[in-house]
Structure formats: C-alpha cells, structure tokens
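This report refers to the structure that appears directly beneath it.
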Amino acid sequence: AAGTAPDLEALTQALRNTTAAGAPGAMARFSGPDGVRTRAVGVRDRATGAVMDPQARFRIGSVSKTFSSVVLLQLVGEKKIDLDAPVNRYLPGLLPDERITVRHLLTHRSGLADYTDAMFEQTVPGFEAVRNRVFSYQELLDLSLREPRTTEPGVAYKYSNTNFVVVGMLIEKATGNRVGKEYERRIFKPLGLRDTTYVHPDTRIKGLHARGYLHPDEAGAPLVDSTEQTVSWAQSAGAVISSPADLNTFTSALLGGRLLPPRLLDAMVTATPTDTTNTRFYGLGLRRYDLSCGTSVYGHTGTVQGFYTYAFSTRDGRRSLSAMANTSNRGEANTALGGTLEAAFCGKQTE
Ligand SMILES: CC1(C)S[C@@H]2[C@H](NC(=O)CCCC[C@H](NC(=O)C[NH3+])C(=O)[O-])C(=O)N2[C@H]1C(=O)[O-]
C-alpha cells in the first residue's frame with residue numbers, strides 16, 4: 001500500500017543499540033496495513049539464556065495510565081463523572097484543594113507531588129523495600145500529601161503517579177468495582193486481550209514472560225532480577241501486565257475509535273507540550289510524540305522495575321508499534337529503544 005513501510009533494518013539496529021546500552025534483551029512488534037512484523041534481540045532470561053520472545057508478557061508500567069484513562073473517560077461518556085468537576089465532588093474531603101478537577105489528574109496538572117521520587121531515590125533499596133508490600137490507595141495519596149504541591153491546579157504540567165492513583169479511587173467509587181474488574185469488562189474482554197491482566201497484588205507474571213532486571217546505582221554492581229513484585233506502589237498508575245500483540249491491539253483500537261466516542265477521543269488526544277522540544281505532548285492519560293517525518297503518534301511509555309516500554313499508534317490506529325527492553329533504569333537504553341518509533345513510523349517511503 002502506498003505510504004510508509006517500517007524500516008526493519010533500522011528497527012533491528014535500534015534493538016541492538018538498546019542491548020549494547022545495557023538491556024539483556026529487547027523486542028518490537030509493528031502492526032500495519034501490510035501485516036505484522038516482529039524483531040527481538042538478546043535474552044528474556046539471563047539465568048537460562050532463553051532468547052527474547054515477541055510473544056512474551058511483561059509489566060507495562062505507566063502504559064497502564066492509558067488503560068485507566070479509557071475507563072474514566074467511558075464513565076464521563078456515561079455521565080457518571082464530569083471531567084471538569086472537582087475531584088472532591090466524588091470523593092469528599094479527599095484532596096486538600098477543592099480546585100483540583102478530574103481533568104487536572106488526567107493531564108498531570110493537579111500539582112499533587114509524586115511520592116515515587118522519594119520512594120525510589122535509591123533504586124535497589126527503594127525497590128526491595130516495596131516489592132512485596134501491599135499499599136491502599138489512601139496510603140499512597142498520604143505519601144504524596146506529605147510533600148508540598150508542585151503547582152497551583154491547572155497552571156503547569158508536572159508528571160505525577162499520584163494523579164492516576166486518584167483516578168483509580170474515582171473509578172472504584174463511581175463503579176463500586178475494583179479497577180481490575182473494570183479493565184476486564186471494558187477493555188481486556190471486548191478487545192480479546194488474552195495476554196493482558198491486572199493481578200495486583202499477586203507478584204507473578206503468569207505464562208510465557210520476560211524477566212526484568214535493574215541496574216543498581218553503584219557502577220559495576222551486578223544486575224538485580226526484579227521480575228516478581230506486587231507493583232502495589234503503582235496499581236492503577238502502573239500495574240498492568242501485557243504483551244506486544246495486545247498493546248498493538250489496544251492502541252490501535254483506542255485511536256481507531258473502538259473504545260471511546262469521537263468527542264471523548266478528540267479530548268483525549270488534545271495535548272499540550274511537556275517540554276521545550278515541541279515534539280513531546282500529553283493529553284488525557286495519553287502521550288503524543290511528533291516524529292521527524294511529520295507523523296504524530298499517540299500512546300504511552302512505561303518504566304517499572306526491570307521493564308521499559310513504548311506503545312504507540314498513528315491517529316487513525318492503522319499503524320501500531322510496541323517495544324520493550326527488560327531493564328528500566330539505563331537512560332541510554334531507553335533512548336535507544338525509542339529509535340524503534342522512527343524506524344517503524346518514518347521507515348521507508350513506498351510507492
Ligand atoms: C515518567 C516515567 C519515566 S516515571 C513513571 C512511572 N514509573 C515510575 O514512577 C517508577 C520510577 C522509578 C523506577 C526505577 N527508577 C529508579 O529507581 C531510579 N532511582 C526504574 O528505572 O525501574 C512510569 O512508568 N512512568 C514513566 C513514563 O510515563 O514514561
């Protein structure tokens with residue numbers, strides 16, 4: 001088909017650059033008009049040497065925020081939640097500022113501090129301290145409220161996991177169900193996402209999966225296997241498990257209009273700059289990246305101990321890419337993995 005085919009050599013090179021920068025393994029899955037292409041390099045398990053497998057499940061970190069945003073926006077569509085209402089209308093007395101609205105949560109403009117900055121200041125000790133803990137939403141919010149707010153409500157973008165912890169509280173209040181049940185009935189089941197689960201507080205990744213590895217802060221220290229954890233520090237902000245195929249299906253279905261009515265999808269993709277590069281934007285629980293070839297892609301990134309993820313689609317949902325490296329705190333590896341976006345969406349012009 002006329003348009004842009006993925007540059008598979010460049011895609012593979014981006015994955016090789018990712019492992020060269022310290023990831024044990026990396027993989028990518030592209031889905032487009034001409035079908036599916038997968039590439040994988042390195043290992044999904046350092047102990048057994050099992051190679052990275054594009055069918056493998058893994059923790060998607062903050063890509064979970066887009067799942068939570070879809071559920072909340074469906075509740076907006078059902079008139080159960082008003083985007084511009086104060087959060088405290090639905091959760092009386094929860095937040096110390098009546099001016100913080102539901103929309104401020106989804107756009108990271110609430111000013112609520114991110115408790116994970118202190119929690120993970122020391123990478124491995126911070127992780128080990130929480131990997132088996134089970135937190136309530138309220139405990140996580142209380143950690144945030146001990147810190148000064150970062151901005152007046154609505155004034156500036158400042159990314160904070162706390163926003164999507166409160167989104168989880170809103171979903172549970174409005175539906176009477178745990179978020180996992182709402183993910184299941186509104187997204188996982190309708191889209192047939194058989195690899196995608198929300199098992200909090202279970203620590204395992206069931207079925208074929210990649211193991212994740214943390215680089216300690218101390219240079220040269222051995223990698224730490226971080227695969228098993230409750231992810232209770234994140235929950236509706238980061239505890240979903242998925243696979244490359246399911247992430248392609250999810251972002252494609254979302255941008256293709258299968259999960260939200262046009263008015264709400266348009267609101268979701270309406271994004272403001274997150275930095276001064278004028279290529280990175282944030283809408284409602286959704287990132288927009290403007291690529292070098294002029295293509296805008298929509299989705300989210302994820303950083304959870306041992307796993308770094310990109311999950312993006314074009315605005316029409318016809319082309320999707322998901323990519324994962326099984327280490328999370330090597331900046332140069334995460335940047336290298338980002339090269340899969342340009343390779344996939346700006347690839348090679350076809351006649
Ligand atoms: C905005 C982000 C980057 S951070 C946010 C969320 N992940 C977290 O908040 C965990 C941060 C610490 C994870 C840990 N790092 C350290 O411990 C550093 N001392 C590591 O690399 O595994 C997620 O996911 N989001 C990413 C996103 O949306 O892309």
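For LYS80 and GLU139, the FRET efficiency from 1/(1 + (r/R0)^6), where r spans their Cβ atoms and R0 equals 22 Å, is about 0.30.
Take the Kirkwood radius over Cα pairs of region 40-106, plug it into Stokes-Einstein at 20 °C and 1.002 mPa s, and you get 142 µm²/s for translational diffusion. Surface composition of region 289-351: carbon and sulfur atoms hold 44% of the protein heavy-atom accessible area at a 1.4 Å probe. The Cα-based radius of gyration of region 158-237, divided by its Kirkwood radius, gives an Rg/Rh of 1.06. Taking only the alpha carbons of region 190-265, we obtain Rg and Dmax values of 16.1, 51 Å in that order. Candidate membrane-span-like segments in the chain, meaning DSSP H helices with Cα atoms spread over at least 15 Å of their own axis and a Kyte-Doolittle mean of 0.5 or above, are 63-77, 161-175, 244-255, with no membrane implied. A Förster radius of 22 Å combined with the Cβ-Cβ distance from ARG89 to THR151 puts the calculated FRET efficiency at roughly 0.55. Per residue, the chain exposes 39 Å² of accessible surface when a 1.4 Å probe is rolled over the protein heavy atoms with every protein chain present. Positive-end ranking of THR270, ALA156, PRO222 along the dipole of the chain, with charges on Cβ about the Cα centre, is headed by THR270. Spatial offset of region 153-179 relative to region 51-86 amounts to 11 Å, using the alpha carbon center of each.
With the simple spin-label model, which puts each label point 7 Å out from Cα in the Cβ direction, the ALA267 to ALA50 separation comes to 4.3 nm.
Hydrodynamic estimate: the Kirkwood radius of the chain over Cα pairs, inserted into Stokes-Einstein at 10 °C and 1.306 mPa s, corresponds to D of 79 µm²/s.
Residue-wise HN-Hα couplings along region 295-309, as the Karplus relation 6.51 cos²θ - 1.76 cosθ + 1.60 with θ = phi - 60° gives them from phi, are 7, 9, 10, 10, x, 8, 10, x, 10, 9, 2, x, 9, 10, 9 Hz; Gly and Pro carry x.
Note on region 208-330: the alpha carbon radius of gyration divided by the globular reference 2.2 N^0.38 Å gives 1.17. At full extension, LYS206 and ASP225 could sit 5.2 nm farther apart than now, given 0.36 nm per residue minus the alpha carbon distance.
Average 1/r across all pairs of distinct alpha carbons in region 71-111, invert it, and you get the Kirkwood radius: 10.3 Å.
Taking each residue as 0.36 nm, the span from ASN177 to ALA20 lengthens on full extension beyond its C-alpha to C-alpha distance by 52.1 nm. Per-residue extension of 0.36 nm, minus the Cα-Cα distance of ASP217 and VAL36, leaves a gain of 61.4 nm for this segment.
The values are calculated or read from the model by the stated rules, or taken from the named source; none is laboratory data. If you're wondering where the values come from, they're calculated on a predicted model, not measured in any experiment. A quick note on method: Cβ atoms are made from the backbone with ideal geometry, for glycine too, and the neighbour counts reach across all protein chains shown. In case anyone asks, the SASA skips ligands and DNA or RNA and just uses the protein heavy atoms, side chains included. Shrake-Rupley method; radii C 1.70, N 1.55, O 1.52, S 1.80 Å.
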